[in-house]
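Structure record follows, encoded as structure tokens.
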Amino acid sequence: MSTQPPRAPGSPPLSGLVVADLSRVLAGPYCTMLLADLGARVIKIESPSGDDTRAWIPPERNGEGTYFLSVNRNKQSIALDFSDAADLATAKQIVARADVVVENFKVGGLKKFGLDYASLSGNRPELIYASITGFGSADGADLPGYDLIAQAVSGIMDLTGQALGEPTKVGVALVDVITGLHALSGVLAAVYARDATGKGDHIQVDLLSSALSGLVNQTAAYVTGGVVPRRMGNAHPSLYPYEPFPARDKDIVIAVGNDGQFSRLCHVLGTPQLALDTRFATMSARNGNRQVLRELLCERLATRDAQHWFEALSEAQVPAAPILTVAEGVNFAESLGLDPVVETGGAGRRIPTIRHPVSFARASVDYSKAPPRLDEDRVAVLDWLGSGR
């Protein structure tokens with residue numbers, strides 16, 4: 001276990017924490033990158049062939065896969081073959097110095113190397129060990145833990161797409177991201193608890209449980225209300241108007257969450273009488289008369305361009321937005337002063353990445369190290385092990 005000195009004012013909040021990262025692809029690496037951003041020393045232990053996502057090209061930047069670059073900044077990489085006795089010994093040295101281990105091997109896959117929780121925790125009761133699986137460690141242990149599979153079996157795909165169209169995956173590996181965030185919250189909770197008790201914990205998080213939790217109101221509709229949600233395209237089961245509408249030139253999204261917003265929408269559109277119409281005056285009434293209301297709204301929206309309505313509705317504090325590309329979304333965040341892009345690394349190799357989403361008034365976030373090349377930090381890691389620091 002590392003010795004954590006008092007944190008200097010303004011330094012990253014997890015300075016001094018050491019994380020052995022035995023994870024690959026997305027959920028685990030996303031979790032450990034966020035820990036690294038917050039100041040933890042994260043040592044990424046890779047196989048000699050490297051994390052799978054190193055080869056997930058295109059897209060690429062100077063021959064490096066942007067998928068890998070997206071979730072591996074601020075880490076040190078060392079390539080170790082666990083079937084080699086010397087490499088395994090090095091891995092065990094790293095783990096012995098770590099406060100936290102994060103892994104997403106197949107269930108039981110690390111046992112033969114003595115790197116599973118049971119093998120390590122006997123002599124390390126303070127160890128925090130996070131295991132990420134696809135479908136848990138019981139009857140789902142042998143199922144492949146891929147985001148697309150989790151989207152398929154959780155109901156996410158069935159809910160995504162047009163009402164009369166085919167089930168569709170979300171445009172990003174959303175379940176992996178949610179799982180990585182859940183793993184992060186588990187690690188932080190365990191660190192907090194260990195500070196009080198001196199005891200570590202075994203955190204277990206899986207893709208399917210994360211997906212079902214992430215479905216929030218949709219899973220609640222079934223388990224709490226007995227309703228099986230259906231695919232509705234861009235519409236919302238409980239709110240209206242809450243979807244894209246065609247303006248004169250292109251679509252604009254309008255997202256009305258309460259009666260006051262609907263009243264302001266009607267005034268901006270020049271149809272204040274709609275807010276008083278009993279068919280539309282309440283959310284439940286609007287939900288029951290969607291088609292009629294949509295036709296009336298579309299008639300007015302078709303008279304002006306989407307940008308006009310966006311500006312007018314925003315000024316009236318009615319939630320609305322144009323539908324942007326990813327590039328336009330990054331630029332929009334830039335226009336709001338959110339500074340979404342940060343460069344990592346030194347003068348020799350600087351990589352633009354997306355900013356850590358949390359900022360602090362009294363601490364900092366680290367962007368000092370670019371995503372590592374395979375085995376880039378072998379010498380530094382071995383020197384660290386030898387120094388005892």
Practice prompt. Tell me, yes or no, whether region 152-171 has at least one residue that is of a type in the set (Val, Ile, Thr), touching a helix residue (DSSP H, G or I) at 6+ places or on another chain (Cβ under 7 Å), surrounded by 14 or more Cβ atoms within 10 Å (Cβ to Cβ) and in a loop (DSSP other than H, G, I, E, B).
Written response: yes
Practice prompt. Residues being farther than 13 Å from Ala20 by Cα, of a type outside the set (Val, Ile, Thr) and buried (at least 18 other Cβ atoms within 10 Å of the Cβ): count how many of those fall in region 96-116.
Written response: 2
Practice prompt. Please state which one of Ser137, Ser121 is small (Gly, Ala, Ser) and surrounded by 15 or more Cβ atoms within 10 Å (Cβ to Cβ).
Written response: Ser121
Discussion item. Where the second residue is modelled with pLDDT of 95 or more and surrounded by 12 or more Cβ atoms within 10 Å (Cβ to Cβ) and the first is β-branched (Val, Ile, Thr) and lies in region 321-337, which pairs have Cβ atoms under 6 Å and are six or more apart or on separate chains?
Written reply: Ile323/Asp251; Val330/Pro340
Practice prompt. Mind listing just one residue for me: the one in region 224-252 that is crowded, with 19+ Cβ neighbours inside 10 Å and of a type in the set (A, V, I, L, M) and, of those, nearest to Pro322 (Cα to Cα)?
Written response: Ile252
Discussion item. Suppose the filter is of a type in the set (Asp, Glu), without any contact (Cβ under 8 Å) to a residue 40 or more places away in the chain, in contact with a helix residue (DSSP H, G or I) (Cβ under 8 Å, 6 or more places away or on another chain) and outside the structural domain of Gly155 (by TED's automatic domain parsing); does Asp277 pass it?
Written reply: no
Discussion item. Of all residues being surrounded by fewer than 13 Cβ atoms within 10 Å (Cβ to Cβ) and polar (S, T, N, Q) in region 283-304, which is nearest to Tyr240 (Cα to Cα)? Just the residue, please.
Written reply: Ser284
Worksheet item: Do you know which residues across region 37-76 are of a type in the set (Gly, Ala, Ser) and surrounded by 24 or more Cβ atoms within 10 Å (Cβ to Cβ)?
Response: Ala40
Discussion item. Anything in region 150-187 that is farther than 17 Å from Val216 by Cα and touching a strand residue (DSSP E or B) at 6+ places or on another chain (Cβ under 6 Å)? List them, or say none.
Written reply: Ala183, Gly186, Val187
Response to the item:
Those residues of region 232-277 that are of a type in the set (A, V, I, L, M), more than 33 Å from the chain's Cα centre (by Cα), farther than 19 Å from Phe310 by Cβ and not in a helix (DSSP H, G or I) come to a total of 1
Practice prompt. Report whether or not Thr271 is touching a residue at least 24 places away in the same chain (Cβ under 8 Å), among the polar types (S, T, N, Q), surrounded by fewer than 19 Cβ atoms within 10 Å (Cβ to Cβ) and in contact with a helix residue (DSSP H, G or I) (Cβ under 9 Å, 6 or more places away or on another chain).
Written response: yes
Worksheet item: Could you list, in sequence order, the residues of region 325-355 that are out of contact with any strand residue (DSSP E or B) (no Cβ under 8 Å at 6 or more places or on another chain), modelled with pLDDT of 95 or more and outside any helix (DSSP H, G or I)?
Response: Thr325, Leu336, Gly337, Leu338, Asp339
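The values are calculated or read from the model by the stated rules, or taken from the named source; none is laboratory data. Small disclaimer: the values here were computed from a predicted structure and weren't measured. With ideal geometry, Cβ positions are generated from the backbone for all residues, glycine too; neighbour counts draw on all protein chains shown.
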